[in-house]
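**Student:** Dropping the structure in here first, questions after.
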Amino acid sequence: MTTPSIPGLSEVARIPLRDQCGQALRALIISGGLRAGELHSIGSVANQLAVSITPVREALLDLARDELVEMVRNRGFRVVTLTDADLDELMDLRMMLEVPGVARVAAMGLTPDLTALREIAAETTEFAVQGDMVNFVARDRDLHLGILELTGNARLVKTVGLLRDQVRLYGLQQVAGSPAFLHSAQEHAELLDLIEAGKPDAASDLMRRHLMHTRGLWAGRDESPQ
């Protein structure tokens, strides 16, 4: 398997290596770089990340507590397999939390500094164009959670982060580079414009459509922009 670009391991030295490995493993799991149901060796993953086995094992124990992986004694680990019903339930929960969350941010009355989020939005589009799914998933996560952080509700951010980590974008490689995929990435900039303009209804409507596009991408459906 071609070794993907792993976000964060060489860029964020202040973050403990265990946490950096966790971030990288989450991105690999969500993007399909570590396929669900298959037995994976801890040593091979450590080699892939260019780190020792210890922080990878520690990170995997954290992921096991979040029910993203299951450890197989003396053999390695497996990524937990999800059904379409599981993905639909996760999407329902994200709709319940992210749509009103974005509306609250847009309705706050104080225009936040969105410079950093705009830079992340541009990076997600760039990674989408390049077909770099691992880094796209990592930065897409940063953007969505960064918007919710503006609510000041840390529990909301943590909950949505876990919901995002539990998904598997099985069909993402099938639609990489398609008009629908690029359109979904470009919606981020439009969403930030609506937040900055203080338009909660329009922002929540766009977030709802954006999440529905995302659910289509999970299934590998090249949806036409709506």
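The values are calculated or read from the model by the stated rules, or taken from the named source; none is laboratory data. These figures come from a predicted structure and were not determined experimentally. Glycine gets a Cβ as well: all are built from the backbone with ideal geometry, and neighbour counts include every protein chain shown. Keep in mind that these areas ignore ligands, DNA and RNA; they rest on the heavy atoms of the full protein, side chains included. Shrake-Rupley method; radii C 1.70, N 1.55, O 1.52, S 1.80 Å.
**Student:** Using packing as a proxy for protection, rank 31-41, 129-139, 73-83, 114-124 so that the peptide with the highest average count of other Cβ atoms within 10 Å comes first.
**Tutor:** Details: 31-41: 16.0, 129-139: 20.5, 73-83: 14.3, 114-124: 17.6.
Averaged packing, sorted descending, gives the order 129-139, 114-124, 31-41, 73-83.
**Student:** Still on this model: Kindly state, to the nearest 0.05, the FRET efficiency for His183 paired with Met96, given R0 = 22 Å and r defined as their beta-carbon distance.
**Tutor:** 0.35
**Student:** Turning to a different aspect of this structure: In the full protein assembly as shown, how much of Ile15 is accessible to a 1.4 Å probe, in Å² to the nearest 10?
**Tutor:** 50
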